1. Within the stretch 161-193, which residues are open to solvent by less than 20 Å² (accessible area, probe 1.4 Å), assigned to a strand (DSSP E or B) and of a type in the set (Val, Ile, Thr)?
2. Checking ARG59 against (1) surrounded by fewer than 10 Cβ atoms within 10 Å (Cβ to Cβ); (2) in contact (Cβ under 8 Å) with a residue 24 or more places away in the chain; (3) of a type outside the set (A, V, I, L, M, F, W, C), only one condition comes out false. Which one?
3. How many of the residues in the stretch 153-174 are among the charged types (D, E, K, R), more than 8 Å from the ligand (Cβ to nearest atom) and touching a helix residue (DSSP H, G or I) at 6+ places or on another chain (Cβ under 9 Å)?
4. Among the residues of the stretch 113-129, write down those that are at pLDDT 95 or above and outside any helix (DSSP H, G or I).
5. In this structure, is GLY200 within 13 Å of the ligand (Cβ to nearest atom), loosely packed, with under 14 Cβ neighbours inside 10 Å, in contact (Cβ under 8 Å) with a residue 24 or more places away in the chain and not in a strand (DSSP E or B)?
6. Take ILE88 and tell me if it is touching a Lys or Arg at 6+ places or on another chain (Cβ under 7 Å) and part of a helix (DSSP H, G or I).
7. Does the stretch 250-263 contain at least one residue that is touching a Gly at 6+ places or on another chain (Cβ under 6 Å), of a type in the set (Ser, Thr, Tyr) and within 7 Å of the ligand (Cβ to nearest atom)?
Amino acid sequence: ETEAGMLRWVRLSVFTHAHSRQRLVALVDITEQKRVDTAKSEFVALATHQLRTPITGMRWSAELMLVDETEPLSDKQRQYVERLLESIGRLNTLVDDFLNVSRLELGTLTPEPEPVGLAELCDAVLEEQRARISEKQLSIERDYDPEIASITTDPDLLRMAIVNLVSNAAKYTPERGTVTVGFARVGRDVSLTVSDTGMGIPIAEQDRVFEKIFRASNAAQEVPDGTGLGLYIVKEVVDVLHGSITFSSTEGHGTTFTIRLPRSL
Ligand code: ADP
């Protein structure tokens, strides 16, 4: 009953019998499943997008309370408002993650390449994480290759990837640890590295870190806050930018993530 000219999604599976050369080939029409998936992603994209406006409103009002000199807050009130702002910040990260995942899954994130200064971008991301970095007294090291002024890529997507890696490095590194951010030329590509001296990822769990909503056991125990969406987003974004991502990690010692990108998209 397929309508003429209508595109359908099909899953092809091949099963091989262990002791003979026989194979079973199955074709399953998954058009309906794809349609439901898309509808879900569209709903999440719409819902989270709508949540942004009230979150911005809450942040503005809370910030105004802190700076309003005509009616200064008591110490206690100030503390409450600061806590409120922290929660708003967490809510914002959640909404961003949900929105980005749904956009990536809908395929509506198309890269818009332009010249991007890597040093400026990395500095801006570090600046954005300043609160957590100074709270935990982390040392920051910059390992920027002066030979590369800029590359041609999508600045917003690349920023999204680096923000996730740097905020993970800061999140999963104990007080007074070190976070290193750097980039270097590798042939026709550039490699961007974010490494830390943090808790690391247990070896048995390493092959799952890029899965959606996966969190390693040590991280989940020590840092209850987290969605397990960040690295999934990074992986998808790096894909869209025609790059690749790898990491090495030793539990209790630290982790290094490396993104490799073409210097021109
Ligand atoms: P989240 O940080 O919200 O848990 P992510 O997708 O960003 O989600 O990361 C998935 C998991 O990978 C984390 O829960 C943690 O177990 C592990 N991980 C990521 N980055 C680091 C890091 N720098 N050091 C140690 N573990 C990390």
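The values are calculated or read from the model by the stated rules, or taken from the named source; none is laboratory data. Remember, it's a predicted structure, so these values are computed and weren't measured experimentally. Here the Cβ positions follow ideal geometry from the backbone for every residue, glycine too, while neighbour counts run over all protein chains shown. Surface accessibility is based on the protein's heavy atoms, side chains included, excluding ligands, DNA and RNA. Shrake-Rupley method; radii C 1.70, N 1.55, O 1.52, S 1.80 Å.
1. Selection gives VAL179, VAL181, VAL190.
2. Every listed condition holds for ARG59 apart from (1).
3. Here is the first cut: in the stretch 153-174, the residues among the charged types (D, E, K, R) are 154, 156, 159, 171.
When the remaining residues are screened for being more than 8 Å from the ligand (Cβ to nearest atom), the result is 154, 156, 159.
If we keep only those that are touching a helix residue (DSSP H, G or I) at 6+ places or on another chain (Cβ under 9 Å) as well, we get 154, 159.
The total comes to 2.
4. Within the stretch 113-129, PRO113, GLU114, PRO115, VAL116, GLY117 qualify.
5. Considered against the rule, which asks whether it is within 13 Å of the ligand (Cβ to nearest atom), loosely packed, with under 14 Cβ neighbours inside 10 Å, in contact (Cβ under 8 Å) with a residue 24 or more places away in the chain and not in a strand (DSSP E or B), GLY200 comes out as no.
6. Here the answer is yes, as ILE88 does meet what is asked.
7. Within the stretch 250-263, one or more residues are touching a Gly at 6+ places or on another chain (Cβ under 6 Å), of a type in the set (Ser, Thr, Tyr) and within 7 Å of the ligand (Cβ to nearest atom).
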